[in-house]
Amino acid sequence: MAEGKKTLKEIINKIPQDKRQTLFDGKALDLIKEGTIKWKEESLKEGDRKNWKVTPGTTLGSEIPRNLIYTPLDTPDLDYRRDLGNSGQEPFTRGVHPNMYRGKKFTMRQINGFGGPEDTNKRLKFMLDSGATGLSVIFDLPTTQMYDSDDPISSGQVGTSGVAIDSTRDMEILFDAIPLEEVTVSIVTHFPSNTAILFPMFLAAAEKRGISFDRLGGTVQNDTTMEEVVRSGPEYLPPKDVFRIQCDNNEYIRQNIPRWNFTTFNGYNLREFGTSSVTEIAIAFANAMETLENLSSRGHDIDFIAKRLAFFWSISNDFFDEAARIRAARRLWSRIMKYKFGAKDPRSQWMRCHVQTSGLTLTRQEPLNNIVRASYQALASVLGGAQSLHVSSYDEAYAVPTEEAALLSLRTQQIIQAETAVTEVVDPLGGSYYVEALTDEIEKRIIDELSQIEAQGGYVKAIERGWLHRKVATYFQTEQAKMESGEIPIVGLNCYKSGRKEAPIDVFSYPEEAEKRQLDKLARLKDERDSKKAQRALKTLEDACKSDTNIVPYSLECARAGCSEGEIFKVFKSAYGLWNPPEVF
Amino acid sequence: MMKKTIKVLLAKLGLDIHNRGVLFVAKNLRDAGMEVIYIGNSTPQQIINSAIQEDADVVGVSSLGGAHLILGEKLISLAKKEHIKEDRIYLMGGAVPEEDMKKLERAGFDAIFTSGAASKEIVSSIENLVKEL
């Protein structure tokens, strides 16, 4: 680590300023200033002058006040080479690849999962046949919360909200006949703990098909914020242990599955739960920085580790704020990697991201309006230069998307990519006085929030102490009240209400029998497997959990030996004990 | 005679992960003068046990994960079994399709609130339902 002991602010403020070349010369700025003062007096009405700055009320927005008009006076120090650069050049504000979407189109990756692995396998094939260029799989409630389908706590919930996976056998069915060597798969495990269980099952399934690990490409989520702060659940492991599992996953995957993005630092779900667009990035960056410090203390070279990091952002309604935010995050991450961590490989400085349009902005009232919302959000993401995209479906306030709604989300992406020509030109908003000023302000605010986390001892400490839980709860209580009062306008809900009876939309219904199928398969598995071998694997895993060795190879042995998810989670609970998260109500 | 404070037991139904909605409702009910107990993720049996133990007037469950029907019906049947169905109010909030709302009402829920329901509406609905008990 190059500058480990200095605070982030000190590091950023100390970036060498020599050879600085600002775009606007002082004399021109003086003249613009003079002209603008005159223009304000002569051309603007009193009210416009008084309301020069307005803070837009938008769902999950940054709450940055906006001027009536932006001019060079709002970015007087803009230095093209230092602050922007061309695409593929430091600090990567304009994009990570020189030719951006001309070279590599954004991946159209819609999330899928429902019923048993047999049901979701069919949907995955349908999406691929319809032109999807990546896959993304989400797990059902029991699988996400790490209980087996036959656990009494899972009753009635098998296959809801995602796909049910109990063992390696289910993973084999889930990806049956899907070319894992060709298509990248996002395995949305959410938590470090279930990543350490489910990803080894995926590996064991690939192994059985004879696919070597170096041919697999994709990502897992593996995010401590998700496990400890965002979700509601019955049992939690302590934050420091969850963070250790997160880093174990990172280390194992980086060393053994070279094409795999070992973590998607998840801002999305935290933001959807309740944080501003700025906090979303600050928390994910804080987690990423602490992870890099941990892996670097394990002796890994920062450039080896950093090149497989990815981020996941939510994209909401404040159009220019969203596009500017992705640019700001790219620039700041590049600076952090270069000046805090001393990364040498330019690739280590890339802030690559998957984005998903905001679920919280979708309304149940007049659901077709959601198609319009998601389209604008998707466009903002593409103008911001995201690598991969999920467009939320219009029926999600009712249930998981129907096949028709899922297809429409994919079509939304295809229309942007094929028909609008926005992908032909790199960073089309770059150079806009407004967007550059917003980008600067957002970057500054992320640094401020990162400094607050740093001041209390870092990311894990901020969770242990309940700071993050309280911050989120305060935010969403206030925000939800604004959504009710109309201070945040929502068409069809708190303004422009039609009052007419709405035509019913088709709503997805879960496949019946998924629960029974899972129970039958689990019973068969436990009957057929070498039970001594399974017990031995679980015991060895527990020993690893209690030592400081990486646990993933042992969890992989459990997956190979046919252990179930619930059995492995029991090992974690026994090794680490349970944690009571701070109460926020 | 002083008006009795309404006692509300709130829970996440089963393993559902989303709790922004139920925490917002909890705060608003408390701000409206009700006594609110939030027990987090719980099985139908755990919820019924708590309702008895706490002697709650209102039992409200939140479900956005798709398991509302099976677990909701289970909750009501357990309430009947324990003879606490008729003297209490049962509410559900969450992502529930129209058709399932009807089924849940038929099963015995007194009111269902979906996305976009205003907290004032929830408060007044509870006050009216409790009056009619």
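The values are calculated or read from the model by the stated rules, or taken from the named source; none is laboratory data. Small disclaimer: the values here were computed from a predicted structure and weren't measured. Glycine gets a Cβ as well: all are built from the backbone with ideal geometry, and neighbour counts include every protein chain shown.
Tabulated values for the structure
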| read-out | value |
| --- | --- |
| Residues within segment A:507-537 that are away from chain B (no Cβ under 14 Å) and either in contact with a Cys (Cβ under 6 Å, 6 or more places away or on another chain) or among the charged types (D, E, K, R) (or both), tallied | 14 |
| Among residues of segment A:356-367, those that are more than 14 Å from chain B (Cβ to nearest Cβ) and without any contact (Cβ under 8 Å) to a residue 60 or more places away in the chain, counted | 1 |
| Residue ranges of helices (runs of 4 or more DSSP H) in segment A:23-109 with at least 3 members surrounded by fewer than 18 Cβ atoms within 10 Å (Cβ to Cβ) | A:26-43, A:46-50 |
| Residue check for residue B:127: among the charged types (D, E, K, R), farther than 17 Å from residue B:14 by Cβ and more than 14 Å from chain A (Cβ to nearest Cβ) | yes |
| Within segment A:514-544, considering residues that are in contact (Cβ under 8 Å) with a residue 12 or more places away in the chain and more than 18 Å from residue A:560 (Cβ to Cβ), the one surrounded by the fewest Cβ atoms within 10 Å (Cβ to Cβ) | A:523 |
| Answer from A:235, A:228 - the residue that is touching a Leu at 6+ places or on another chain (Cβ under 7 Å), within 14 Å of chain B (Cβ to nearest Cβ), in contact (Cβ under 8 Å) with a residue 24 or more places away in the chain and among the charged types (D, E, K, R) | A:235 |
| Yes/no for residue A:348 being under 30 Å from residue A:506 (Cβ atoms) and surrounded by 23 or more Cβ atoms within 10 Å (Cβ to Cβ) | no |
| Residues located in segment A:136-151, provided they are under 30 Å from residue A:108 (Cα atoms), more than 9 Å from chain B (Cβ to nearest Cβ) and assigned to a loop (DSSP other than H, G, I, E, B) | A:146 |
| Residues located in segment A:421-443, provided they are exposed (fewer than 15 other Cβ atoms within 10 Å of the Cβ) and out of contact with any Leu (no Cβ under 9 Å at 6 or more places or on another chain) | A:421, A:424, A:425 |
| Filtered residues of segment B:32-63 (kept if facing chain A (nearest Cβ under 10 Å), in a helix (DSSP H, G or I) and crowded, with 22+ Cβ neighbours inside 10 Å) | B:44 |
| Which numbered condition residue B:26 fails, given (1) surrounded by fewer than 24 Cβ atoms within 10 Å (Cβ to Cβ); (2) more than 8 Å from every other protein chain (Cβ to nearest Cβ); (3) touching a Leu at 6+ places or on another chain (Cβ under 7 Å); (4) closer than 22 Å to residue A:478 by Cα | (2) |
| Candidates B:94, B:66, filtered to the one that is within 12 Å of chain A (Cβ to nearest Cβ), surrounded by 15 or more Cβ atoms within 10 Å (Cβ to Cβ) and more than 23 Å from residue A:494 (Cα to Cα) | B:66 |
| Restricting segment B:97-123 to residues that are away from chain A (no Cβ under 14 Å) and either on the phi < 0 side of the Ramachandran plot or part of a helix (DSSP H, G or I) (or both), the residue that is surrounded by the most Cβ atoms within 10 Å (Cβ to Cβ) | B:109 |
| Residue count, segment A:484-504 (criterion: under 17 Å from residue A:360 (Cβ atoms) and within 11 Å of another protein chain (Cβ to nearest Cβ)) | 7 |
| Subset tally (residues that are within 16 Å of residue A:168 (Cβ to Cβ), without any contact (Cβ under 8 Å) to a residue 60 or more places away in the chain and either assigned to a helix (DSSP H, G or I) or out of contact with any Lys or Arg (no Cβ under 9 Å at 6 or more places or on another chain) (or both)) for segment A:203-219 | 7 |
| Single residue of A:167, A:193 found to be over 24 Å from the mean Cα position of the chain (by Cα) and buried (at least 24 other Cβ atoms within 10 Å of the Cβ) | A:167 |
| Residues located in segment A:373-401, provided they are within 14 Å of chain B (Cβ to nearest Cβ), buried (at least 24 other Cβ atoms within 10 Å of the Cβ) and touching a strand residue (DSSP E or B) at 6+ places or on another chain (Cβ under 8 Å) | A:392 |
| Search result, residues across segment A:231-242 that are modelled with pLDDT of 95 or more and either buried (at least 24 other Cβ atoms within 10 Å of the Cβ) or within 16 Å of residue A:197 (Cβ to Cβ) (or both) | A:233, A:235, A:236, A:237, A:241, A:242 |
| Residues satisfying the stated conditions in segment A:152-191, i.e. facing chain B (nearest Cβ under 10 Å) and either within 21 Å of residue A:521 (Cα to Cα) or among the basic types (Lys, Arg) (or both) | A:152, A:153, A:154, A:155, A:156, A:157, A:158, A:159, A:160, A:161, A:162 |
| Lone unmet requirement of (1) within 23 Å of residue A:476 (Cα to Cα); (2) more than 12 Å from the chain's Cα centre (by Cα) for residue B:73 | (1) |
